[in-house]
Amino acid sequence: ADLILLFELFPDDFDEQVKTKNFNYYEPKTIHDSSLSKATHSIVAFDIGQTELAERYFKDSLNIDFTEKSYSQNGIHAASMYRPFWVLFRGILGGYITSKGILSFSPKRQSLIKDFNMEIHCFGRLLKIEYGDDLKITLISGAALTILFNHKEFHLESQIIYKF
């Protein structure tokens, strides 16, 4: 699971072939003893286009604290509570800060969640992100900024609608 975590944390440092080869090798060997493991596997599976597997791991990560199937009967598992949000942002939206300090998105189509929205603070700006039939990013406050969609630069001054 630790190697897969590297792909989540440093997505620019590994090409898709390396991620896919290693994910496919280690995924069936990982026992997921850590409550953080399934969310990490979900994010990387989204990154490499294994959407069905990504969705399964995402659902499993929700069972840690957020459903009646929860396996933290003796209290919440605080370290894992943010992970479903992170799967939405990092996995489904493909959002992260590149090694060059640019906010980047590579949104994924999936069948679990039809639409959602969130607000994030990034680089002194407030952004509203709406995921649905397309991806809409609105600059709520702060100066314009350059963002990436699937590695292509866009200048965000007020709103960008990205069509899948």
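The values are calculated or read from the model by the stated rules, or taken from the named source; none is laboratory data. All of these numbers come straight from a predicted model, not from anything done at the bench. Please note: Cβ atoms are built from the backbone with ideal geometry, for glycine as well, and neighbour counts cover all protein chains shown. When the accessible area is computed, the model is the full protein with side chains, heavy atoms only, and any ligands, DNA or RNA have been set aside. Shrake-Rupley method; radii C 1.70, N 1.55, O 1.52, S 1.80 Å.
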> Per residue, how many Å² of accessible area does the chain show with a 1.4 Å probe?
Replying inline: 55
> Cα to Cα, under 12 Å, and not fewer than 8 places away if on the same chain: which aspartates and glutamates meet these conditions relative to LYS114?
Replying inline: GLU130, ASP133, ASP134
> With charges only on Cβ, +1 for K and R and -1 for D and E, what is the dipole size of segment 79-164 about its Cα centre, in debye, rounded to 20?
Replying inline: 260
>> If each DSSP helix of 4+ residues adds -39,500 (n - 2.57) and the sum is divided by the residues in the chain, what number results at 222 nm, nearest 500 deg cm²/dmol?
In response: -8000 deg cm²/dmol
> Got a sec? Which residues in segment 110-151 would a label at LYS100 touch, if it sits 7 Å along Cα→Cβ and we count backbone N under 15 Å?
Replying inline: 146-151
> Taking +1 at the Cβ of each Lys and Arg and -1 at the Cβ of each Asp and Glu, which of LEU53, LEU93, ASN63 sits farthest along the dipole of the chain towards its positive end, judged by Cα position relative to the Cα centre?
Replying inline: LEU93
>> Can you tell me the orientation of helix 16-26 relative to the chain, as the angle in degrees between its alpha-carbon axis and the longest Cα principal axis, to the nearest 10?
In response: 20
> How large is the charge dipole for the chain, taken about the Cα centre, if only the Cβ atoms of Lys, Arg (+1) and Asp, Glu (-1) carry charge, to the nearest 20 debye?
Replying inline: 120
> Computed FRET efficiency, Cβ-Cβ of LEU6 and ASN150, R0 22 Å: what is it to the nearest 0.05?
Replying inline: 0.50
> Using alpha-carbon pairs under 8 Å, 6+ residues apart, how would you state the relative contact order of segment 4-155 in percent?
Replying inline: 15
>> Running a GNM on the chain with Cα contacts under 10 Å, which residue among GLU153, GLU55, GLU130 ends up with the highest mean-square fluctuation?
In response: GLU153
> Cα to Cα, under 18 Å, and not fewer than 8 places away if on the same chain: which lysines meet these conditions relative to LYS152?
Replying inline: LYS100, LYS108, LYS136, LYS163
> Across the chain, how large is the tail of the calculated P(r) beyond 22 Å, expressed as a percent of all Cα pairs?
Replying inline: 45
>> Under the 0.36 nm per residue contour assumption, what length would be gained going from the current alpha-carbon distance of MET118 and THR138 to full extension?
In response: 6.1 nm
